[in-house]
Amino acid sequence: MGSKFPFYKICIVGDFGVGKTTLLHQYLERRFCQSVTSTIGSNFFVKRIKIPDVENLITLQIWDLAGQHRFKWVRQQFYKGAKGIVYVFDLTRKKTFDNLPNWKNEIENIIQNFSSILVGNKTDLIDNKKDYIEKVDSENLKQYLGACDYFEASAKSGSNVEDFFFKLITNMYKLFK
Ligand SMILES: Nc1nc2c(ncn2[C@@H]2O[C@H](COP(=O)(O)OP(=O)(O)OP(=O)(O)O)[C@@H](O)[C@H]2O)c(=O)[nH]1
Ligand SMILES: [Mg+2]
């Protein structure tokens, strides 16, 4: 709080296979990693970014948590201290959208004061004419989660990936600087 060198911990969450690890590879390396394996436990990455009107670089520590149910107990210890949550679902699997309230509960059992963003991943697999998730539904879920915004993104094409991270980071900075 109030540091000249802002540091934020972010956790990326959502069901198994929604593309959390692949989104992080795209964000950190600007490429699509075809062959990531399902995450076991957790991994973290560090990134420094510049945002307008903030002199020093912001340091992000981004935790990639395993989505499989059997890792629930492992995940809980990693939420502590997080100021940003990325809620990810897979636009081609409605079940992963419907399950995000359970993720909210899991996280809010541990931490209460954080900023979050909702991301529907895999736009490259969606036929625009039949929007799989209705706008009104994503808006409702965004409100329910308390997320600052909703983005549709693709870890494959890279579409909107920088953008949703940027939005989350500027929102976190506003709330917690
Ligand atoms: N076409 C397409 N495939 C994607 C996209 N994002 C991820 N995938 C694929 O979806 C599968 C699962 O991606 P992961 O990044 O491992 O998913 P995860 O959410 O990290 O899964 P866990 O680690 O098990 O929780 C992989 O085969 C990815 O290549 C995307 O935007 N478009
Ligand atoms: Mg993973």
In whole Hz, the Karplus estimates of ³J(HN,Hα) for the stretch 114-125 (6.51, -1.76, 1.60; θ = phi - 60°; x where Gly or Pro) are 8, 9, 9, 9, 9, 10, x, 9, 6, 4, 5, 9
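Just the number, please: percent antiparallel of the DSSP beta bridges in the stretch 1-141, rounded to the nearest 5.
On the way: 8 of 25 bridges.
Roughly 30 percent of the beta bridges in the stretch 1-141 run antiparallel, per DSSP.
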Phi-derived 3J(HN,Hα) across the stretch 86-92 with the Karplus relation (6.51, -1.76, 1.60, θ = phi - 60°), rounded Hz, x for Gly and Pro, is 9, 8, 10, 10, 9, 4, 9
Relative contact order of the chain (C-alpha contacts under 8 Å, at least 6 apart) in percent is 26
Karplus-derived 3J(HN,Hα) from phi for the stretch 69-75 (6.51 cos²θ - 1.76 cosθ + 1.60, θ = phi - 60°), whole Hz, x at Gly and Pro, runs 4, 5, 9, 3, 5, 6, 4
Given 22-33, 98-109, 51-62, the highest-first ranking by average Cβ count within 10 Å works out to 22-33, 98-109, 51-62
Expressed in angstrom and ordered largest first, the alpha-carbon extents of the stretch 1-157 along the principal axes are 47, 32, 32
Amide H proximity to GLN68 below 5 Å, modelled H, separation 5+ or other chain, gives PHE16
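Computed from the coordinates by the stated procedures, all read-outs in this text should not be read as laboratory data. Note that the structure is a prediction, hence the values are computed from the model and not measured. Ideal geometry is used to build each Cβ from the backbone, glycine not excepted, and the neighbour counts take in all protein chains shown.
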